[in-house]
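**Q** I'd like to ask you about the structure that follows.
Every number here is computed from the coordinates shown, using simple stated rules; none is lab data. As the structure is a prediction and not an experimental result, all values here were calculated from the model. We place every Cβ from the backbone using ideal geometry, glycine too, and count neighbours over all the protein chains shown.
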Amino acid sequence: MSVRLRAICLGFAVMLASCARPAHDEVPDVICGTRIDPALTRLLVTRTEGWHEYSRVDRAQAITAPCLVFSGNGVMLSFRFSWRPVATDLMYLAKDTGKVSGVTDPHSISFGYKTIVGTDGAISQAPCKTKGGNYFTLTLQLPQIKLTDQTHRKDIEKFMRAYFPATIRTLGCAGSGTR
């Protein structure tokens with residue numbers, strides 16, 4: 001084989017190897033059943049190798065359940081999908097219920113949905129009439145973010161502004177006047 005042909009083959013092999021990265025190392029465009037721009041998700045995660053989900057969410061049954069997104073053995077994103085008959089006090093959820101919906105240093109934001117954003121997560125709620133209740137609440141927790149790290153608050157807000165409305169569209173809410 002000539003030197004030139006070897007160089008071409010080597011270049012082709014390098015190109016193939018770089019293009020053939022395993023899909024599980026990429027941030028997917030669907031997270032816990034909701035389509036989202038991967039660039040928004042990348043703002044929140046520190047690593048993506050071995051990316052996989054564990055989900056107990058059943059939108060049709062509308063039963064409160066978690067969806068966890070892992071990278072390797074670590075949880076990167078923790079969601080809690082919850083349906084209730086009445087609206088919930090989001091500040092109470094953020095401050096007083098411990099690990100299930102706890103969000104550090106929560107602040108309300110101006111948004112078309114009732115939403116709070118903290119340093120390590122967010123909670124949003126909207127009217128959503130389903131068999132599980134009249135209100136849907138989504139909690140996002142980011143366990144890899146240090147509780148005192150204030151640098152991710154805007155990224156969390158940007159993610160929730162896209163993810164929550166997209167999730168509402170997947171729920172089949174009836175007569176709820178969402179938005």
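**Q** So what's the stretch 108-168 giving for Rg/Rh, alpha carbon basis, Kirkwood Rh from the mean inverse pair distance?
**A** So for the stretch 108-168, dividing Rg by the Kirkwood Rh gives 1.01.
**Q** Given that compact globular proteins tend to follow 2.2 N^0.38 Å, what is the ratio of the alpha-carbon Rg of the stretch 49-179 to that value?
**A** On the way: Rg = 14.1 Å, N = 131, 2.2 N^0.38 = 14.0 Å.
This ratio for the stretch 49-179 stands at 1.00.
**Q** Could you list VAL86, VAL75, VAL103 in order of exposure, starting from the residue whose Cβ has the fewest other Cβ atoms within 10 Å?
**A** Details: VAL86 7, VAL75 15, VAL103 25.
In increasing order of surrounding Cβ atoms, one gets VAL86, VAL75, VAL103.
**Q** Of LYS129/LYS158; LYS129/LYS154; LYS114/LYS154; LYS95/LYS131, which ones are farther than 24 Å apart at the Cα?
**A** Cα-Cα > 24 Å for LYS129/LYS158; LYS129/LYS154; LYS95/LYS131; rest within.
**Q** Let me ask another. Near THR148, within a Cβ-to-Cβ distance under 11 Å, what is the net charge of the other residues, with Lys and Arg +1 and Asp and Glu -1? All intermediate terms of the calculation are to be shown ahead of the outcome.
**A** Values: positive: LYS146; negative: ASP105, ASP120, ASP149.
Net of charged neighbours comes to -2.
**Q** Going by how many other beta carbons lie within 10 Å of each one, how would you line up THR104, THR139, THR148, fewest first?
**A** In increasing order of surrounding Cβ atoms, one gets THR148, THR104, THR139.
**Q** For the charge dipole of the stretch 24-170, defined by +1 on Lys and Arg C-beta atoms and -1 on Asp and Glu C-beta atoms about the Cα centroid, which residue among TRP83, VAL27, ASN73 has the Cα displaced farthest towards the positive pole?
**A** Of the listed residues, the answer is TRP83.
**Q** Would you mind ranking LYS129, LYS146 by Cβ crowding within 10 Å, fewest neighbours first?
**A** Fewest-to-most ranking of LYS129, LYS146: LYS146, LYS129.
**Q** Using a cut-off of 14 Å between beta-carbons, work out the net charge of the residues near ILE63 (Lys and Arg +1, Asp and Glu -1, ILE63 not included). Please report the intermediate quantities before stating the final value.
**A** Values: positive: ARG56, ARG59, ARG80, ARG84, LYS131; negative: ASP58.
So the surrounding residues net to +4.
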